[in-house]
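Read-outs throughout are calculated quantities, based only on the coordinates presented, and are distinct from any laboratory measurement. Predicted, not measured: the structure shown is a model, and the values here were computed from it. Heads up, the Cβs are rebuilt from the backbone with ideal geometry, glycines too, and the neighbour counts pull from every protein chain shown.
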Amino acid sequence: MRVSLRLKWMAAHLLVGSLVLLFFVLFLGSQLEGYFEERFENRWKRELELAREFVEAGGEDLRTPVAADRWADRVGDLLGMRFTLMDSAGRVIGDSEVDLSRLQEVENHSDRPEVIEALATGFGKSRRYSTTVGFDLFYLAAPIGSPGGLGGIIRAAVPSSEIDESLSEIKRLIWLATGFGFALVLIAGYATSASLTERVKQMAVTAKLFAQGDFSNRVASGADDEISDLGKALNQMGDDLQRSLVQITQERDQLQTILDGMVEGVMVTDRSGNIVLTNNSFEQIFQVSGDGDLEASSLFRDPDLLEALICASRQSIDTVVSLELSNPVRKALKAHVATLGPADEPVGAVAVFHDTTELQHLEKVRRDFVANVSHELRTPLTAIKGYVETLLDASAIEAEQKNTFLNKVLRHADRMAKLVDDLLNLSKLESFGPETELEQFDLTNVCLRVAENFSGLFRTSNLELKLNLPDAPVLVQGVHAEVESALNNLIENAVKYGGEGENVTVSLADLDDHVQVSIVDQGPGIPVDHQPRIFERFYRVDRGRSRELGGTGLGLSIVKHIVQRHGGRIWVESNLGQGAAFHFTLPRVLNAQAPSGNQ
Ligand code: ADP
């Protein structure tokens, strides 16, 4: 059962107050009783003494019972007490409360305790019930040297209720004072417990808020005592905790910012395999949100990775695991799984996921490229070697045949030279840096120039070159020679592969913020399934025909690089047997200041 602090405090006050007051009442009561009895007794004793001296002095003639009784009546009247005179044998000779006529009937008093004591010690007292008067009396007796010339005893009797009444009045007052004191103790207890419990309650509320993570509350400073010391300590603790919390939050945010800035996916698990921390990259790679509770085993199916996490978090063994994801896109990953915490007591594992998809792709591209280059070079080299060997061996070769062979060697050497030139071009374009000097030039002008250069080829190929150019200059910014070479390449292809048609059209459309150049031929076109790949290096629709026509398979790849690094886009539209249309865009120079580079 819960007993409130206030109740306990009140109960303690009540107990202590009760004990103190009880002690006070009992002690004081008994002390006062003794004191009052003594005071009354002394007074009555003095009055008895006075009466005795008066009798002994012989102020009254007490030798006759009439005189003795009268004397007793008078003194009793004056002092308000009962007085009895006895002779030395204890016979009553006068009594203020008994008529003279009845004195003979009063029994002998010699056996009364006060009389016996008075005769023995000179003074006697006794308190008892009086059969004569019918209530408790307090008796005092003293021997008289000469009551009327005779030895005897004088006795005074007072109703003991006189003492009791005074005492009970005093006791009533004591009880009243005690009750008042008790009420005061209760009120004081209630008042002090109210302020005390209020302060303790305030501290309890503050401590509870601290426990819930709210460190803003503070205990009000009250009186300077132990409770206020406790309050100050609590406030100090609140300050420290708040400071620590801010610091921890800052450090956590800092860590999260660093983690989120990483390209690699990071995941931290506890010893039970629950994921406790992830970064943005991890959430993107695995398509999960970092909010919910997640177990590593429910997220990953790869047994090697799960095994690595267990090994790291329980046996402090670091591992590197390769894994593949197929959903939502295919991804190759390499995970470095390491132990978190001290090696002898690991607290979990940290896994860093590197996306190696691009790396693997690049590696494949590099391998393909080397294989393609080797292959492209090997064909002419083998041919050249064959012809040269034949020429060396057969001395009897006719001069005409020799010439044919040498021409073939030359053609293959040219092809190799073109291949090397294209490769160098490509490599130059791929290492495009900010140091490349850009210029503004008129694209219409470039088209006209290229068309003029191709006029001879068009004539010999029986083709007509149609130009569809705007009248006004169209300014673009970039490397003039590269844009011209891209245009050359596309027109050359149109002539090479579209020779069956009647014409090739070069048009320039001036659009809002960019220009679009289109080279359209009437050749056989490009099959749809080849179209997405023709911009790849060494990709040809018809390898044999391309070689025959002196192609290297690098032309469109070079054009694509040039367009893209100028901020443009290139694409092809073609229906089999209906020619091909190559389009590329370049950003237009808006608000041109001073056009240059028109050559
Ligand atoms: P190549 O040196 O073989 O011409 P390109 O990169 O310039 O290399 O072209 C790649 C391939 O695209 C060519 O081999 C050819 O098959 C196809 N191609 C390019 N232009 C055209 C076109 N105008 N018409 C049909 N096919 C084309």
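Give the average over all directions of the projected area of the C-alpha convex hull of the range 391-475, one decimal, in nm².
Mean projected area of the Cα convex hull: 10.2 nm².
Which of H375, M416, A399 sits farthest toward the positive end of the charge dipole of the range 360-430, with +1 on the Cβ of Lys and Arg and -1 on the Cβ of Asp and Glu?
H375
Going by alpha carbons, how many degrees (0 to 90, nearest 10) lie between the helix axis of 226-261 and the longest principal axis of the chain?
For helix 226-261, the angle is close to 10 degrees.
When you count, for each residue, the other Cβ atoms within 10 Å and take the mean per peptide, how do 439-452, 531-544 rank with the highest first?
Per-residue mean Cβ counts within 10 Å order the peptides as 439-452, 531-544.
Using modelled backbone amide H atoms (1.01 Å from N, in-plane), which distant-in-sequence or interchain residues come within less than 5 Å of T356's amide H?
The answer is A332, L333, K334.
Please give me, ordered by residue number, the GluC sites (Glu not before Pro) of the range 138-245 that lie in loop per DSSP and have at most 15 other Cβ atoms within 10 Å.
Sites meeting the loop and neighbour criteria: none at all.
With the contact rule set at Cα under 8 Å and sequence spacing of 6 or more, what percent relative contact order holds for the range 456-599?
28 percent.
Tell me the relative contact order for the chain as a rounded percent, counting alpha carbon contacts under 8 Å between residues six or more apart.
About 7 percent, as a whole number.
Within straight cross-link reach of K402, meaning Cα distance under 13 Å, which aspartates and glutamates are found once same-chain residues fewer than 8 apart are removed?
Here the aspartates and glutamates satisfying the reach criterion relative to K402 are E389, D393.
Counting DSSP beta bridges with both partners in the chain, what percentage is antiparallel, nearest 5?
Restricted to the chain, the bridges split so that about 95 percent are antiparallel.
Please list, or write none, the lysines whose alpha carbon is within less than 18 Å of the alpha carbon of K45, excluding same-chain residues fewer than 8 places away.
Answer for K45, where 18 Å is the Cα cut-off: K125, listed by chain and number.
How much FRET efficiency would the formula 1/(1 + (r/R0)^6) give for E169 and K8, where r is the Cβ-Cβ distance and R0 is 60 Å, rounded to 0.05?
0.95
Order 493-505, 569-581 from most to least packed using the mean count of other Cβ atoms within 10 Å.
By packing density, highest mean first, the sequence is 493-505, 569-581.
Across all directions of projection, what mean area in square nanometres is found for the Cα convex hull of the range 439-587?
Mean projected area of the Cα convex hull: 8.3 nm².
Can you list residues whose amide H is under 5 Å from L277's amide H, if they're 5+ apart or on another chain and H is modeled 1.01 Å from N?
Here V268 satisfy the definition.
If r is the Cβ-Cβ distance from W571 to V288 and R0 is 41 Å, what FRET efficiency results, to the nearest 0.05?
The value I calculate is 0.70.
Sort out for me the Cα centre separation of the range 126-205 from the range 546-574, rounded to whole Å.
The two parts, judged by their Cα centres, are 128 Å apart.
Please go through the residue pairs K428/K560; K8/K201; K466/K560; K418/K496; K8/K208; K331/K364 and name each one whose alpha carbons sit more than 18 Å apart in this structure.
Correct reply: K466/K560; K8/K208.
Give me the angle, in degrees from 0 to 90, between the Cα long axis of helix 5-56 and the longest principal axis of the Cα atoms of the chain, rounded to the nearest 10.
So the inclination is approximately 10 degrees.
Fully extended, how many nm does the chain gain between S395 and D318 (0.36 nm per residue separation, minus their Cα-Cα distance)?
Extra length available between S395 and D318 comes to 20.7 nm.
Given the -39500 (n - 2.57) contribution per DSSP H run of 4+ residues, what per-residue ellipticity at 222 nm results for the chain, rounded to the nearest 500 deg cm²/dmol?
-18000 deg cm²/dmol
Using θ = phi - 60° and the Karplus form 6.51 cos²θ - 1.76 cosθ + 1.60, what ³J(HN,Hα) does each residue of the range 535-546 get, whole Hz, x for Gly and Pro?
Here the 3J(HN,Hα) series is 8, 6, 5, 6, 8, 9, 6, 10, 4, x, 5, 4 Hz.
Residues with amide H under 5 Å of F138's amide H, sequence separation 5 or more or different chain, H placed in the peptide plane at 1.01 Å from N; which?
Residues meeting the criterion, in which the H sits 1.01 Å from N, are V158, S160.
Would you please put 107-114, 7-14 in order of how densely packed they are, using the mean number of other Cβ atoms within 10 angstrom per residue and starting with the highest?
Those peptides, ordered most packed to least, come out 107-114, 7-14.
Rounded to two decimals, what is the ratio between the C-alpha radius of gyration of the range 360-430 and 2.2 N^0.38 Å?
In units of the globular-protein estimate, the range 360-430 measures up at 1.47.
In units of 2.2 N^0.38 Å, what is the alpha-carbon radius of gyration of the chain?
2.64
Pairwise over distinct Cα atoms, reciprocal of the mean inverse distance: report the Kirkwood radius of the range 262-355 in Å, one decimal place.
This gives a value of 13.0 Å.
What shape does the range 320-401 take by its C-alpha gyration tensor, where a ≥ b ≥ c are the square roots of the eigenvalues and a/c under 1.5 counts as rounded, a/b above b/c as prolate, and the rest as oblate?
The shape class here is prolate.
In square nanometres, what is the average projected area of the Cα convex hull of the range 1-113?
So the mean shadow area of the Cα hull is 12.4 nm².
Taking Cα atoms, how many degrees apart are the long axis of helix 480-497 and the longest axis of the chain, rounded to 10 and kept between 0 and 90?
Tilt relative to the chain: about 60 degrees.
Identify, among N445, T585, L340, the residue whose Cα sits farthest towards the positive end of the charge dipole of the chain, taking +1 on the Cβ of Lys and Arg and -1 on the Cβ of Asp and Glu, with the dipole about the Cα centre.
Highest projection toward the positive end goes to N445.
Per-residue HN-Hα couplings for the range 333-342, Karplus 6.51 cos²θ - 1.76 cosθ + 1.60 at θ = phi - 60°, whole Hz, x for Gly and Pro?
Result, rounded to whole Hz: 10, 10, 10, 9, 9, 10, 6, 9, x, x.
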